[in-house]
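Data first, discussion second: the structure below is written as structure tokens.
Each reported figure results from applying straightforward, stated rules to the coordinates on display, with no laboratory input. Quick caveat, the model's predicted, so the values are computed rather than measured. Backbone-built Cβ (ideal geometry, glycine too); neighbour counts: all protein chains shown.
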Amino acid sequence: MSVERLPSNDPYAGTGLPELGLRNYWYPVLAGWRLGRKPRSVKLLGEDIVLFRDRGKLYALSDRCPHRGARLSQGKCLYPGTGTLSCPYHGWTFSGETGRCVAKLMEGPDAPLPRQAVVKSYPVRELRGAIWLFVGDIEAPPLEDDVPECLTATADWHGFSTWRTYRCNWRIMKDNLCHDLHAPFVHRHAPELMFQPVFPFASRIAAMPLDEGNGLGYAARDGINSADYPGLGKFPPPHETWYRFLKPTGRGREIDTKSAAVVKYGVKYRQSSLMPGATFIGRPNGNYFALRWVTPIDAESCYYHSWSLFRRRGWWRTFFDRLFWVFWVSWVHDWVFSDQDKRILEAVIPGPEALSRSDMGVVAWRRYAVEHARQRARAGTAPDNVAASQPSAAE
Amino acid sequence: MSVERLPSNDPYAGTGLPELGLRNYWYPVLAGWRLGRKPRSVKLLGEDIVLFRDRGKLYALSDRCPHRGARLSQGKCLYPGTGTLSCPYHGWTFSGETGRCVAKLMEGPDAPLPRQAVVKSYPVRELRGAIWLFVGDIEAPPLEDDVPECLTATADWHGFSTWRTYRCNWRIMKDNLCHDLHAPFVHRHAPELMFQPVFPFASRIAAMPLDEGNGLGYAARDGINSADYPGLGKFPPPHETWYRFLKPTGRGREIDTKSAAVVKYGVKYRQSSLMPGATFIGRPNGNYFALRWVTPIDAESCYYHSWSLFRRRGWWRTFFDRLFWVFWVSWVHDWVFSDQDKRILEAVIPGPEALSRSDMGVVAWRRYAVEHARQRARAGTAPDNVAASQPSAAE
Amino acid sequence: MSVERLPSNDPYAGTGLPELGLRNYWYPVLAGWRLGRKPRSVKLLGEDIVLFRDRGKLYALSDRCPHRGARLSQGKCLYPGTGTLSCPYHGWTFSGETGRCVAKLMEGPDAPLPRQAVVKSYPVRELRGAIWLFVGDIEAPPLEDDVPECLTATADWHGFSTWRTYRCNWRIMKDNLCHDLHAPFVHRHAPELMFQPVFPFASRIAAMPLDEGNGLGYAARDGINSADYPGLGKFPPPHETWYRFLKPTGRGREIDTKSAAVVKYGVKYRQSSLMPGATFIGRPNGNYFALRWVTPIDAESCYYHSWSLFRRRGWWRTFFDRLFWVFWVSWVHDWVFSDQDKRILEAVIPGPEALSRSDMGVVAWRRYAVEHARQRARAGTAPDNVAASQPSAAE
């Protein structure tokens, strides 16, 4: 295993998941409209990267000029249309495509441009309102192959996205999204849920590898909405119960296998974990999905990009869905839920854990991710064998 | 000696006093009224602790949930009257009394509650307006046995307290309270003292173990109020002397052995250092004492809780004492003195010291504290023998 | 080589230049008028130093009191006229001249004053509006021998100075001043230059040791103001060129050997690097020089003191020069140029460099500085031999 994947001094090292994130995957890093005419610096998996556009085309290079270490993100596209970016310090000019230095402006056109005068260039794409970067050591697969179909099929699905930064390691954030039954507890007072019965909990969670080979699907059985604890009383306690007069929404039920959307898209689970750190959650009827993607920034923080995706069912329904998102889902679901989690996750004190029944989804995810992480093939070893021989550290 | 008591990389390691404070003692950590219905996090001796009240009873637990590391201080007492606190993340519920997990709310009433599902619980008390915690590895003695009688005897003594946080290690703060003659110098311009002659200095300080076995008493002899330094001039210099027209208050004189209060309470010294880092200073007549307690927070900061205690001598006198404190002592003594010290102590650059005649009280305190520190008995060794055989690192 | 000169964990260690600066040199540390009646703390080469004045005389001592570590800069000159400073904590009083403790105010006049009761005293001077300190282990040479003549000859030269702090290591800042051709690029949009053709670049830079033995002189040949880069276009690009209608000022031309000032002062180069980290740049006619001095503070920051020096040529001309500085040079040159550099330098990510043709001046400076750095003579080795035998780490 490479050095990046098992750092020492890392309280989560025991999970086998690397502190700085899984390499060789696509990650969303920035809302597309936030990258205008000026280059912009982003950080992911601990790497400083500059993003820039030239005549509509998107480029991503390492942000550090190899000459004297200045930041390319402070530079300019001096030659529009050439896909190049010039360093702010001495004008070394790099091809956005290859990362090669194509001119050293201060040294004249005859200056030698040795092979070492190069910065790393990153595969970059724009999809569904976000800029995506691929960080790793292998050739990038098509982005479309790495994300759920309803993200790419813009003709069939419409949607919105929100994003924010969490001041915690990406693993703490991703663990939060593994059907670990924190939701019935943490979010029970959120406006969307406070008038409904508490979500089913004490469910038996099963986690099954997806047929697509890119994650785990979760199924829950036998949930309860209320229970009596000896010596304490009921949960939820009576003073939290009397105002819960609404009927429950679909939460707690599994996917509706007869729904038209479910049949058409072959969806099997209402909730799944996708490599390298995303979560995909839908309504039972399959007409709505939330995709939540955790992008590691560095050891102490992560970026979180979240899409709400609605299946197009006629212009009137689409119009209603959009209103519904703007006036309800956006704040009630995306912001309030996220705020409630953020407060807890950013205060977590890493250390030994006492994993329990409700953490089955977390344990399954950690093991799956460690075993299936893409990696650079080593000499004489096929990539698949490497993955298979890895210890499953989460057990 | 345990690992905590002699950390490396600690510029004060030579004193033998542990960077994070002496374990196995009671410490004040918070004014009682500041803990309301919401749990509250405090830190002492480097440990994160949550305090909470339930139906008037006070509890203290380790602030880190053993399940997934969330902070219990963000949780709630969901079941008032049961003395329990529930984690904000998945509702693990802990007994404030024992620290045992008594329910995992999200896992149903039949969830196993293994022995490992426990947090450390701390002895906690409220006394004289402060919440006190005992941090250590032995059974806590009664708080009353560990503090001066005039703190516990509320029928005979009334008082006030102030507190603040110092951004320096606790040892720097405690050294400042060891009759080291900084007071005649640092505080000579404070409103309380600026019109009086400068305190006696160049005193011969004697430090004697208290009969109670919990500290050192100081006695000073042969102080001077002024001296002539060859090549420099007088101290205090003439431009600081002409306006000192008041008579000196009791400062500089030792305890008045004929005073009624002194006789009654068997007080022997006007100033003493008490384990684990307190200072007790009175007026010669024994009717007023200040108790100043230094509580280590972490390596870089400490908490300071200070009481002004007046002996009750009829309601009229009590009324006057309270007015006197509110309009005079509180700001002139507690705040101004403390500010003058704070500025210096927080700027101290730790490193080698050149201890001198005026540091006799400091040296005696460090040696006494190292030799008499309570510690967990080791197999085959009586606690007393352990203490006696320790090297006195301060010499 | 001493420990200070080759620290590990230092990304610039390969240059051979010490992270905290070259010892045994004078450095400007503070504008003189900023040191009033109160002592003031400064930091250079990682050392905390207190500056104070007594009856017009200037003193510099280590800022840490050896007694208990308090900061002397919080103390006072209690005995004006004696050149002493008293510690704020217990009144240990130190001679500004020798650093010896001459009195322990709290311990009486008969207190022993052992040899160890001493702080390091630093050679200190005031010249041309700045306070200069000498940090090192050898005897300080006269300040006048270490700075250009036009700084000391106040009868012949008048001037102004500005200063600021950079949040980068001193080497990054000094590299910026080594005729590395960043100026034609970085500053081409500054108000002073935006209407002129771009400075000549792609010059062949020669760096020659100065006769005085205290630095390198630079000479540039064959510069161009514009060039055509295949696949990109011209630099400067057309949209940056059309408004450059002014004639170039002297920049780009070398020193005018027939100018009266140049003949009189024996100036040989328009630009030179002076030990231990200064840069001296003039106009071809030799009537104006800018001296820019980089003073290391600690590993992460440096202080920058910059003089504009004009040769006195009659009162009318002097009056005009001063107006010219106040209304033009000060902001256009000193502030705008410095701001443009500051933004880039403070964002530099240290690491491996790809030094190139334009860095000849940088490489020559690093090598020269390492080879000629003053150092304490070692037993049995003459100082000159030591310098000569050092490896030139910049190659």
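Below is a table of values for the structure above.
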{"item": "Approximate spin-label separation B:ALA354-A:TRP331, in nm, with each point projected 7 Å along Cα-to-Cβ", "result": "6.6"}
{"item": "Pairs of Cα atoms farther than 18 Å apart, the range A:136-182, %", "result": "60"}
{"item": "Likely footprinting exposure, C:THR152, C:THR84, fewest C-beta neighbours within 10 Å first", "result": "C:THR152, C:THR84"}
{"item": "Ranking of A:MET194, A:MET275 by count of other Cβ atoms within 10 Å, fewest first", "result": "A:MET194, A:MET275"}
{"item": "Helix C:360-372 axis, angle to chain C major axis (alpha carbon atoms, nearest 10°)", "result": "30"}
{"item": "Square roots of 5 times each gyration tensor eigenvalue, C-alpha, the protein assembly as shown, largest first, Å", "result": "55, 55, 25"}
{"item": "Of the trypsin sites (Lys or Arg not before Pro) in the range A:282-344, those whose Cβ has at most 14 other Cβ within 10 Å and which sit in DSSP loop", "result": "A:ARG313"}
{"item": "Percent of Cα-Cα distances greater than 21 Å, calculated over the range A:29-127", "result": "24"}
{"item": "Qualifying chymotrypsin sites (Phe, Trp or Tyr not before Pro) for the range B:215-256 [loop in DSSP, other Cβ within 10 Å: at most 13]", "result": "B:TRP242, B:TYR243, B:PHE245"}
{"item": "Between 0 and 90°, nearest 10: helix A:315-324 axis offset from chain A longest Cα axis", "result": "80"}
{"item": "Relative contact order, percent, the range B:149-300 [alpha-carbon distance under 8 Å, six or more residues apart]", "result": "23"}
{"item": "Cleavage-rule hits (trypsin sites (Lys or Arg not before Pro)) in the range B:90-182: DSSP loop, at most 16 neighbouring Cβ within 10 angstrom", "result": "B:ARG115, B:LYS120, B:ARG167"}
{"item": "Listed residues B:GLY21, A:TYR243, B:ALA190: farthest to the positive end of the dipole of the protein assembly as shown (Cβ charges)", "result": "A:TYR243"}
{"item": "Members of A:LYS342/B:LYS104; B:LYS264/B:LYS342; B:LYS57/B:LYS258; A:LYS43/B:LYS104 lying beyond 31 Å, as alpha-carbon distances in this model show", "result": "B:LYS264/B:LYS342; B:LYS57/B:LYS258; A:LYS43/B:LYS104"}
{"item": "10 Å Cβ neighbours from other chains, averaged over peptide A:199-206", "result": "2"}
{"item": "Whole-angstrom gap from the range C:118-178 to the range C:202-217, using each part's C-alpha centre", "result": "21"}
{"item": "Translational diffusion of the range C:148-371, µm² s⁻¹ [Kirkwood Rh, Cα pairs; Stokes-Einstein; 4 °C; 1.567 mPa s]", "result": "70"}
{"item": "Over chain A, relative contact order from alpha-carbon pairs under 8 Å, at least 6 apart, %", "result": "18"}
{"item": "Sorted by Cβ density within 10 Å, fewest first, the residues B:GLU47, A:GLU346", "result": "A:GLU346, B:GLU47"}
{"item": "From phi via Karplus (6.51, -1.76, 1.60), per-residue ³J(HN,Hα) for the range C:105-112 in Hz, x at Gly/Pro", "result": "3, 7, 10, x, x, 8, 5, x"}
{"item": "Compactness of chain B - radius of gyration and Dmax, Cα, Å", "result": "23.2, 84"}
{"item": "Scaled radius of gyration (Cα, divided by 2.2 N^0.38 Å) that the range C:226-329 gives", "result": "1.41"}
